Every structure is written in structure tokens, then in C-alpha cells.
Amino acid sequence: MSGKYTIILAAGKGTRMKSKLYKVLHPVCGKPMVDHVLTEVEKTAPDEVVTVVGHGAEAVEETLGERSAYVVQETQLGTGHAVLQAEPLLGDKDGMTLIANGDTPLLTAATFEKLFAYHKDKGAAATILTAKAPDPTGYGRIIRSEIGTVQKIVEQKDATAKEAEVDEVNTGVYCFDNQALFKALHQVTNDNAQGEYYLTDVIEILKKAGAIVAAYKMSDFDESMGVNDRVALAAATKVMQARINRQHMQNGVTLIDPVATYIDRDVQIGADTVIEPGVTLKGHTVIGSDCVIGAHSALVNATLEDHVTVTSSTIEDSIMRAGSDIGPNSHLRPQSDIGEGAHLGNFVEIKKATIGARTKVGHLTYVGDATLGTDINVGCGVVFVNYDGVNKWHTNVGDHSFIGSNANLIGPVEISDHSFVAAGSTITDDVPFHAMGIARARQSNKADFWDRTALATDSEWNQ
Ligand code: UD1
Ligand code: MG
């Protein structure tokens, strides 16, 4: 039976990245490059995907998980050698094999499909995906005969001056007849400038053996961009970002300034939501419809239901339910759950806390390790004192209660429903239903205090 296979090359260290992180794991819009490649490959429904790993093998396998099979290339002797490692898994199969590099994150499934169609149409043993590069430096050049048929691929470092002038480049994506590929790979030598076994040499080998070699030239060079250094990483990120942002706009999201809006690949946003400039939306953030995300807000794995307003605030691993709002300059730390219609104002920090529906925490307040019921009013400058230097303690505040300004609630403590805490209190004991907890020194006024001070005789103060 004729199958459809994919080999992803991801064993290289990526020396030019100058990084502790393996090249193919560098993220582009929140997703490792090799994950982008695999995600697009998966859309073409291959029978089997084999990823060649080497440097950082464990990290790559952990990132992609069971979505791929793996073969290890112990030493990185070149792309041809890398593909050969897949022979034990794929060598005896009949069918078509797509090869893609793990460092080309912008390629799309639609392009792979066009390559397959062209490959079949030409009855080719090998079809190279090529592109016209504005600057071909660093890429393998496609060398064609006078009548336009592909002869070979020449790497930058092996190219003559004339060959280096060619601006049609190898994108690193190919479609092969599987049997022909492995047969030719055994004939590849490392007799070249880099002393590597080049996959690209397979083209000339097949051609010389009389096989049909084709090249499908794609129109969009950007899509084929290979990332070998940080400059290319930034360029690829820009292209990916533009693509992601365009998709959201087409789905009905308003981006005030798409160039200055940074949205990760897996973020979801509902229609009629407005995103202001300088916003970053990361990870698995999900935003409902009719929300407003104000300038310079940063959301990481946040879940926002519909009609939520965020003004210049940071939200991490937390949920804001319908109609709630936050900001400016507030911070939801992980595991916070903000109820429907709740209001969090300026300079409010919430950590691992549940805030009930319609509860208001307006100003300069810290709520950590707490459960607040519904319809509560928390005054200005309230501190939930949750940490004694060793342990974290939880505090509960019941529905319809009122916490006066500048109160300290020293956890663990229970403030019952419909109760009050007087402003300025330091609360260490539970406050029962309908009671008011007051814990502050009583005021006394010292009469005529002024006369006892130096100010009494200071002419400037006594005019
Ligand atoms: C390669 C192509 C070049 C093409 C370019 C497109 C070859 C010889 N050259 O060059 O024609 O224009 O991609 O981006 O194939 N890898 C391994 N094992 C190895 C070496 C590399 O798995 O021993 C992997 C790398 O992790 C990477 C991919 O293969 O994902 C490509 O390797 P890289 O060193 O980036 O090749 P380029 O110089 O970019
Ligand atoms: Mg490369």
C-alpha cells in the first residue's frame, strides 16, 4: 500500500543562535519552531511522522510528545545523514515522503499540499520546494539547466561565484519517492566544504540515475524563511505575528494597531473584542466577545468571558467572568477567579483568591489566599495578611459584607455574611453574622498641644 510519510529534521544544535536552548525549540509567537512545523504537517494527514533528534533530544521529544515517532542522530554529520537515521522506521515503505526542517516555522499545510500535487502531477522521484529569495545568502541554490530542468542543489559554501548569483533557493522542504530517497542516500558522500552528508546531494544522484526531479517554486518567500540566527528569528516572528493578527481581524476582532499587538499562536478571541496597542496575549489565553483589552496589558494563560474590560493590567493563569473589570495597573496572579460583574480598580493585586459576583475591590489592595463572597465592598488599602513567614493562611469573607479602608485581615480569619470590619482595624478574630469587627486604638485629643510646641512662638506660623 502506498503511504504518506513525513520526516522532520531537528537534531542540529543551532550554533548560530548562540543559545542554551536548542534551535528548533526557540519559540515563534509562543510556540517552538518545530511545533509549528509539526502542526502544519499534521493537517496534511500523514500516515507516520518521524522526527530526527540529536541535540536536546529529550527536550524536543517532551515538547512534541506522542505526536511523532523519533530517531536519534547521535552526531550531526549533516542533513543527509539525519534522514538516513529514519531508515529503520521508514526504509521499507512504499509511498511519498515529505521532508521538512524543524527551523522553518512559517510553512503552511496549504503549501505542502501544493507540493504533493505538483510531485504527483510530474511523476517525480523528488520534488524540491523552492522560492525566489530577496537575499539568497546562506541558502542552497537551485541549479537548473539551460532548458530549466533542475540539475542539483549547491550549498552556499560550495557554490561558485556564478552559482551564488542564483536567487532561487532550496527551502529545505522536499517530497520524495520513499524507496528512491533511501537508495540515493546511501550514495551521498561528505566530500564538500563542510565535510557533511548533505541531503541536497540526493537531487543530483537521482538526476544522474535518470529519475525525474522537479521543483515547485512557491510565490511567497517569507513562508519558507529558515531560522539560523536571532535576526531571522525576529523576522520570522514578525511574519507569523502579522499572519495571526490578520486572522483575528478577519474573525471580527478590532486591533487598533496590529503592528504593535503581540498575540501567541494558540490564543482565542471572540468577535467585537477591541485590543489596544502594546498588548501581549500569551499561551493559552482565551478571550470572549465584546471585551476591551486596554493598552499595555499582558495576559498569560488568562480566560476572559464576554464583556470583560482590562485596563493596563497583568493577568496570569486566572479567570475573569462575564462583565467583570480590572485596572488600571492591577495584577491577577495565578489561580484567581473573578466573579461576574466584579470590579477590581487600580493598584490591586490578587493571588490565589476567589472574588464573588459584583464584589468591589477598588483601590490599593492585596488579596492573597482568600475566598470572597458576592456583593462585598472592600475599601481602599486593605491587606489580606496571608503569610506568617512560614505558612500561607486562608481567609474567608461572606456575602454582602463591608471591609473598611486600611484594614488588615490576619489569616486565617472568617468574616461572616452581612458583617462589617471598621476602617483601620487589624482583625485577628472571626467576625460573626451582622457584627462589626473593630480593632484599633481609640483616639484621644490633646487639648492646646500647639501651645506646647516651638510653633507657638514662630512668627511665620502665627500670622
Ligand atoms: C539547509 C539546506 C539548504 C537550504 C536550507 C533551508 C542542506 C545541506 N542544506 O541548510 O540547502 O537552503 O536548509 O533552510 O540540507 N539537522 C539535523 N542533523 C544534522 C544537520 C542538520 O537534524 O546533522 C537539522 C537541523 O536541526 C535543522 C535542519 O536539519 O532543523 C537544517 O539544518 P541547518 O544546519 O539549519 O541547514 P541549513 O544550513 O539551513
Ligand atoms: Mg537552517
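The values are calculated or read from the model by the stated rules, or taken from the named source; none is laboratory data. In this text the structure is predicted, and so the values were computed from the model without any measurement. No Cβ is skipped: glycine too gets one built from the backbone with ideal geometry, and neighbour counts run over all protein chains shown. The accessibility values were calculated without ligands, DNA or RNA, using every heavy atom of the protein model including side chains. Shrake-Rupley method; radii C 1.70, N 1.55, O 1.52, S 1.80 Å.
Counting only heavy atoms of protein chains, what accessible area per residue, in Å², does segment 346-463 have with a probe of 1.4 Å? Provide the component values of the computation, followed by the final result.
Working: 6890 Å² over 118 residues.
For segment 346-463, the per-residue accessible area is 58 Å².
With the full set of protein chains in place, find how many percent of the accessible area of segment 356-463 is carbon and sulfur; take the probe as 1.4 Å. It would help to have the intermediate numbers written out before the result.
Values: 3460 of 6460 Å².
That fraction is 54 percent.
Just list whichever of K43/K208; K162/K183; K162/K207; K157/K217; K93/K207 have alpha carbons separated by over 27 Å in the model shown. List each step's numbers first, then the result.
On the way: K43/K208 34 Å; K162/K183 31 Å; K162/K207 21 Å; K157/K217 23 Å; K93/K207 22 Å.
Exceeds cut-off: K43/K208; K162/K183.
How much FRET efficiency would the formula 1/(1 + (r/R0)^6) give for D135 and Q335, where r is the Cβ-Cβ distance and R0 is 45 Å, rounded to 0.05? Write down the numbers at each step before the final one.
Details: r = 48 Å, r/R0 = 1.07.
According to the calculation, E is roughly 0.40.
Excluding residues on the same chain fewer than 8 positions from K351, give the lysines whose Cα lies under 25 Å from its Cα.
K282, K360, K392
Based on the mean of other Cβ atoms within 10 Å per residue, sort peptides 432-444, 64-76 so the most packed one is first. It would help to have the intermediate numbers written out before the result.
Working: 432-444: 11.8, 64-76: 14.8.
Taking the mean over residues of other Cβ atoms within 10 Å, the ranking is 64-76, 432-444.
Tell me which residues come under 5 Å, amide H to amide H, from G362 once H is placed; ignore anything under 5 positions away on its chain.
G345, V378
Would you work out if segment 3-224 is rounded, prolate or oblate? Take a ≥ b ≥ c from the square roots of the eigenvalues of the alpha-carbon gyration tensor; rounded if a/c is under 1.5, else prolate when a/b is larger than b/c, oblate otherwise. Could you put the intermediate results ahead of the total?
Values: a/c = 1.36, a/b = 1.23, b/c = 1.11.
Because its axes are fairly even, with a/c under 1.5, segment 3-224 counts as rounded.
Which order do the peptides 105-112, 225-232, 157-164 come out in when sorted by mean C-beta neighbours inside 10 angstrom, highest first? Walk me through the numbers on the way to the answer.
Working: 105-112: 20.5, 225-232: 17.5, 157-164: 12.8.
Packing order, densest peptide first, comes out as 105-112, 225-232, 157-164.
Would you kindly derive the ³J(HN,Hα) couplings of segment 74-91 from the backbone phi angles with the Karplus curve 6.51 cos²θ - 1.76 cosθ + 1.60 (θ = phi - 60°), listing them in order in whole Hz, with x for Gly and Pro?
Per residue, the Karplus-derived 3J(HN,Hα) values read 4, 10, 8, 9, x, 5, x, 4, 4, 5, 4, 5, 7, 4, x, 8, 10, x Hz.
Rg over Rh of the chain, using C-alpha atoms and the Kirkwood radius, what does it come to? Let's see the in-between values first.
Values: Rg = 31.7 Å, Rh = 26.3 Å.
The Rg/Rh ratio comes out at 1.20.
What is the percent carbon and sulfur in the accessible area of segment 164-321, measuring with a 1.4 Å probe over the protein chains and ignoring ligands? Show your work: numbers first, answer last.
On the way: 3350 of 6870 Å².
Here carbon and sulfur together make up 49 percent of the probe-accessible area.
Please compute the modelled spin-label separation between D47 and H434, points set 7 Å along Cα→Cβ, answer in nm with one decimal.
7.8
In Å², what does the accessible area per residue of segment 159-264 work out to with a 1.4 Å probe?
Ligands and nucleic acids excluded, the result is 48 Å² per residue.
Whole-Hz ³J(HN,Hα) for each residue in segment 147-158, computed from phi via Karplus 6.51 cos²θ - 1.76 cosθ + 1.60 with θ = phi - 60°, x for glycine and proline: what do you get?
8, x, 7, 6, 9, 6, 10, 10, 6, 2, 6, 9
Please work out the average accessible area per residue across segment 1-125, using the 1.4 Å probe convention, and give it in Å².
Working: 5300 Å² over 125 residues.
Ligands and nucleic acids excluded, the result is 42 Å² per residue.
Report, to the nearest whole %, how much of the accessible area of segment 72-136 belongs to carbon and sulfur atoms, 1.4 Å probe, protein only. Spell out each step's value before the answer.
Values: 1300 of 2500 Å².
Here carbon and sulfur together make up 52 percent of the probe-accessible area.
Which ³J(HN,Hα) values in Hz, rounded to whole numbers, follow from the phi angles of segment 360-372 under the Karplus curve 6.51 cos²θ - 1.76 cosθ + 1.60, where θ = phi - 60° and Gly and Pro get x?
In residue order, the calculated couplings are 10, 10, x, 8, 6, 10, 10, 10, x, 6, 8, 10, 10 Hz.
Within the set of other residues whose C-beta is less than 13 Å from the C-beta of D121, count the net charge using Lys and Arg as +1 and Asp and Glu as -1.
Working: positive: K114, K120, K122; negative: E113.
Net of charged neighbours comes to +2.
So what's the gap between the Cα centers of segment 100-114 and segment 259-322, to the nearest angstrom?
Measuring centre to centre over Cα atoms gives 29 Å.
Over 32 Å between Cα atoms, which of K31/K132; K20/K122; K13/K152 qualify?
Working: K31/K132 27 Å; K20/K122 43 Å; K13/K152 26 Å.
Too far apart for the 32 Å limit: K20/K122.
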